[in-house]
1. Taking square-rooted eigenvalues a ≥ b ≥ c of the alpha carbon gyration tensor, is the chain rounded, prolate or oblate, where a/c under 1.5 means rounded and, failing that, a/b exceeding b/c means prolate?
2. How about residue 317: which aspartates and glutamates have a C-alpha closer than 19 Å to its C-alpha, ignoring those fewer than 8 places off in the same chain?
3. For the range 205-281 and the range 135-184, compute the distance between their C-alpha centroids and round to whole Å.
4. Could you work out Rg/(2.2 N^0.38 Å) for the range 183-341, with Rg from alpha carbons only?
5. Just from its helices, what would the mean residue ellipticity at 222 nm be for the chain, if runs of 4 or more DSSP H residues each count -39500 (n - 2.57) and the sum is divided by every residue, rounded to the nearest 500 deg cm²/dmol?
6. What's the extension gain from residue 198 to residue 18 if we count 0.36 nm per residue and subtract their Cα-Cα distance?
7. What does the convex hull of the alpha-carbon atoms of the range 243-318 project to on average, in nm²?
8. Calculate one ³J(HN,Hα) per residue across the range 231-237 by plugging θ = phi - 60° into the Karplus curve 6.51 cos²θ - 1.76 cosθ + 1.60, and present them in order as whole Hz with x for glycine and proline.
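Derivation of every value follows stated rules applied to the coordinates shown; laboratory data play no part. Owing to the predicted nature of the structure, the values given are computational and were not obtained by experimental measurement. Methodologically, a virtual Cβ is constructed for each residue, glycine included, from the backbone with ideal geometry; neighbour enumeration extends over all protein chains shown.
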Amino acid sequence: MVILAGCVATPGIVPATALHGIDHVVPQPDKFRIPELLGMASGQTDRAAPVFFTTRALLPVQDGCAFRCAYCIVPTTRGAPRSRPMPQLLAEARHLVHQGFKEIVITGTNVGTYRDEHHTLIDLLMVLDDLPGIERIRISSIELSTVEKPLIEWMSRSDHACRYIHLPLQSGDNRMLARMRRRYTVEQYRAIAETALSAIPGLGLGTDLITGFPGEDEVAFQATCGLIDALPFSNLHVFPFSQRPGTVAGDLDNRVPQATIRDRTRHLIECGQTKRNTFAHQHVGQCLPVLIESVDTVPDTSEGWTDTYLPVKVHGKGLSRNQIVKTCIDQWDGNHLLGHP
Ligand code: SF4
């Protein structure tokens with residue numbers, strides 16, 4: 001059975017001729033209902049709960065975005081921002097904790113715009129923080145212009161907040177940021193990232209970058225490289241620009257040649273690996289809690305994650321999935337931290 005789901009399943013995005021061989025088209029708002037929809041198709045009527053195949057449970061707190069960055073089709077496909085009521089989110093989080101999930105990941109299209117009447121994201125986080133049994137709260141990607149001081153303060157003092165923040169940058173050049181219709185300058189980005197890094201010791205800092213956005217000349221690209229060098233990023237997601245019909249960037253001139261885009265992408269991916277190595281090496285010699293996700297790849301080896309969002313192979317007997325194990329880190333092999341309980 002083939003299911004087309006998510007943003008791309010929005011009417012008008014994929015031409016009907018491309019749907020040949022697809023059994024079900026499930027639009028974005030319904031994607032977590034796929035088990036239920038399949039059950040209905042086969043005559044079952046029971047409501048199915050979302051199923052997670054990791055030890056981290058996702059808690060979608062809102063959907064939609066009205067920022068309209070020049071390259072992004074999401075505001076068209078997902079529509080205006082809508083937040084879920086706080087009591088409903090609390091009930092769902094309580095249920096997930098009751099099911100045994102130790103880590104809850106706050107997700108959404110633009111999580112920093114969460115609003116339920118006068119409550120904002122920080123109010124929600126503080127209430128979740130007090131939930132009995134919760135061990136870790138991780139915030140997925142968050143837009144820089146929505147990061148306020150209370151969020152950083154909460155991350156620095158909460159026993160449950162994961163020490164990782166993903167702040168999409170896209171470009172390290174102010175002219176490009178303006179062309180992309182992003183809502184911050186390089187200086188603002190740097191100031192907030194540095195505030196978070198100094199308030200939260202050991203913080204992992206992730207970002208997204210676009211290479212080859214129309215008009216990105218060598219000066220702009222070098223500005224991006226300079227900012228990447230200057231900040232201790234632990235995780236870079238590098239995306240070559242691709243034109244999306246229906247976006248502002250779809251009609252922009254000054255296109256960057258594909259070969260240049262490829263070279264810039266490769267260069268930033270290599271920078272990202274170097275920076276990740278540097279960040280990971282700082283964990284060697286420390287004993288850190290690791291949330292075990294799987295136990296059966298190699299005998300007596302389990303795999304899990306630090307709160308700083310690095311993968312770990314833990315060598316030791318008798319570990320179980322979904323257990324948080326204090327792990328002494330011996331080395332970084334380029335992909336995983338290696339350690340023992
Ligand atoms: S890139 Fe993010 S913030 Fe910008 S329009 Fe798309 S979803 Fe919204």
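1. On the way: a/c = 1.45, a/b = 1.08, b/c = 1.34.
Verdict is rounded for the chain.
2. Output for residue 317: 293, 296, 300, 303, 330.
3. Here the answer is 18 Å between Cα centres.
4. Numbers: Rg = 19.3 Å, N = 159, 2.2 N^0.38 = 15.1 Å.
Taking N as the residue count of the range 183-341, the ratio is 1.28.
5. Details: 9 runs with 102 residues, N = 341.
-9000 deg cm²/dmol, from helical runs alone.
6. Details: separation 180, 0.36 × 180 = 64.80 nm, distance 4.97 nm.
Residue separation times 0.36 nm, minus the Cα-Cα distance, leaves 59.8 nm.
7. Details: hull surface 35.0 nm².
Answer in nm², one decimal: 8.8.
8. 10, x, 5, 10, 7, 10, 9
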